[in-house]
Structures are given as structure tokens and as C-alpha cells.
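Colleague: Here it is, the structure, as C-alpha cells.
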Amino acid sequence: MAQIHDVLLRPLTTEKGAVLESSENTYVFAVGLKANKIQIKAAVEAFFGVSVEAVRTSVVRGKNKRFGRHSGRRSDWKKAYVKLASGDVLNFFSDEAQV
């Protein structure tokens with residue numbers, strides 16, 4: 001079993017994430033590339049003490065970028081959309097947050 005800090009890397013705060021949070025009670029996280037949906041669900045439930053209804057994942061491919069005259073490639077990363085049960089809330093920016 002992977003450690004929680006290997007599965008959940010950080011929450012993603014974007015406009016789309018804010019809309020999903022308010023309308024569908026869904027939160028977006030950057031997760032490890034090797035993490036699967038079962039591990040993500042267990043990590044969120046253990047770390048935040050909430051119940052998870054569903055997890056959707058997608059792999060974001062890294063972009064080709066130029067660094068001066070050298071070209072390189074950014075790393076691939078995975079994000080997870082975690083839908084919580086009704087009544088459960090995650091507060092990342094309040095004083096009561098456990099993060």
C-alpha cells in the first residue's frame with residue numbers, strides 16, 4: 001500500500017475546480033502517476049475523514065517547452081476528480097483545515 005503523501009500530492013485550485021466544488025461537491029487533486037482510484041479514495045477518506053462516492057482520473061501529458069536554446073519536455077502528471085457524499089465538505093483555506 002502506498003503512503004498518503006505518495007498518492008495525494010496537492011489540491012488543485014482552478015476556476016473549473018471551484019465550479020465543480022460548488023455545484024457537484026467534487027474536488028480536484030494532483031495525484032501520483034501510479035496511484036489508482038482505490039488508493040485515491042482510501043487516501044482522501046483517511047486524511048480528511050470524509051466519505052467518497054466516486055473518483056475519476058485523467059493523465060495530463062507534459063508539454064514540449066524551450067528553455068533558452070535548449071528544448072525539453074515537462075513531466076506527465078495525473079489529476080483526480082473526487083466526488084464526496086452529500087453533507088461532506090473540504091475546507092482548504094479555513095482555520096479548521098487539517099492540511
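Colleague: Determine whether residue 66 is among the basic types (Lys, Arg), touching a residue at least 12 places away in the same chain (Cβ under 8 Å) and either touching a Gly at 6+ places or on another chain (Cβ under 7 Å) or open to solvent by 20 Å² or more (accessible area, probe 1.4 Å) (or both). Explain how you work it out, then say what you get.
Modeller: Details: among the basic types (Lys, Arg): yes; touching a residue at least 12 places away in the same chain (Cβ under 8 Å): no; either touching a Gly at 6+ places or on another chain (Cβ under 7 Å) or open to solvent by 20 Å² or more (accessible area, probe 1.4 Å) (or both): yes.
No, not satisfied.
Colleague: Which one of these is over 22 Å from residue 39 (Cα atoms) and at pLDDT 95 or above: 87, 62, 68? Write out each step before concluding.
Modeller: Details: 87 fails: at pLDDT 95 or above; 68 fails: at pLDDT 95 or above.
Checking each option against the conditions leaves just 62.
Colleague: Can you tell me which residues in region 59-95 are farther than 13 Å from residue 27 by Cβ, assigned to a strand (DSSP E or B) and under 16 Å from the mean Cα position of the chain (by Cα)?
Modeller: Answer for region 59-95, where residues must be farther than 13 Å from residue 27 by Cβ, assigned to a strand (DSSP E or B) and under 16 Å from the mean Cα position of the chain (by Cα): 59, 60, 77, 78.
Colleague: OK, next. Check region 28-40 and report whether any residue there is open to solvent by less than 50 Å² (accessible area, probe 1.4 Å) and part of a loop (DSSP other than H, G, I, E, B).
Modeller: We begin by selecting, within region 28-40, every residue open to solvent by less than 50 Å² (accessible area, probe 1.4 Å); these are 28-32, 35, 39-40.
Narrowing further to those that are part of a loop (DSSP other than H, G, I, E, B): 32, 35.
Checking region 28-40: at least one residue is open to solvent by less than 50 Å² (accessible area, probe 1.4 Å) and part of a loop (DSSP other than H, G, I, E, B).
Colleague: Quick one: count up the residues across region 11-27 that are open to solvent by less than 40 Å² (accessible area, probe 1.4 Å), outside any helix (DSSP H, G or I) and without any contact (Cβ under 8 Å) to a residue 60 or more places away in the chain.
Modeller: Of the residues in region 11-27, 1 are open to solvent by less than 40 Å² (accessible area, probe 1.4 Å), outside any helix (DSSP H, G or I) and without any contact (Cβ under 8 Å) to a residue 60 or more places away in the chain.
Colleague: If you go through region 48-99 one residue at a time, how many are touching a helix residue (DSSP H, G or I) at 6+ places or on another chain (Cβ under 9 Å) and more than 21 Å from residue 20 (Cα to Cα)?
Modeller: 1
Colleague: Name the single residue, out of those in region 1-15 being of a type outside the set (Val, Ile, Thr) and more than 14 Å from residue 82 (Cβ to Cβ), that is modelled with the lowest pLDDT. Reasoning before the result, please.
Modeller: Of all residues in region 1-15, those of a type outside the set (Val, Ile, Thr) come to 1-3, 5-6, 8-12, 15.
Filter once more, so that each one left must be more than 14 Å from residue 82 (Cβ to Cβ): 1-3, 5-6, 15.
Numbers: 1: 62, 2: 78, 3: 89, 5: 88, 6: 91, 15: 96.
Residue satisfying both the conditions and the ranking: 1.
Colleague: Quickly run through region 41-54 and pick out the residues that are surrounded by 15 or more Cβ atoms within 10 Å (Cβ to Cβ) and assigned to a strand (DSSP E or B).
Modeller: Passing the criteria: only 52.
The values are calculated or read from the model by the stated rules, or taken from the named source; none is laboratory data. The structure presented is a predicted model; accordingly, all values stated were derived computationally and were not measured. Here the Cβ is made from the backbone with ideal geometry for all residues, glycine too, and neighbour counts use every protein chain on show. Side chains are part of the model used for accessible areas, which takes the heavy atoms of the whole protein and leaves out ligands, DNA and RNA. Shrake-Rupley method; radii C 1.70, N 1.55, O 1.52, S 1.80 Å.
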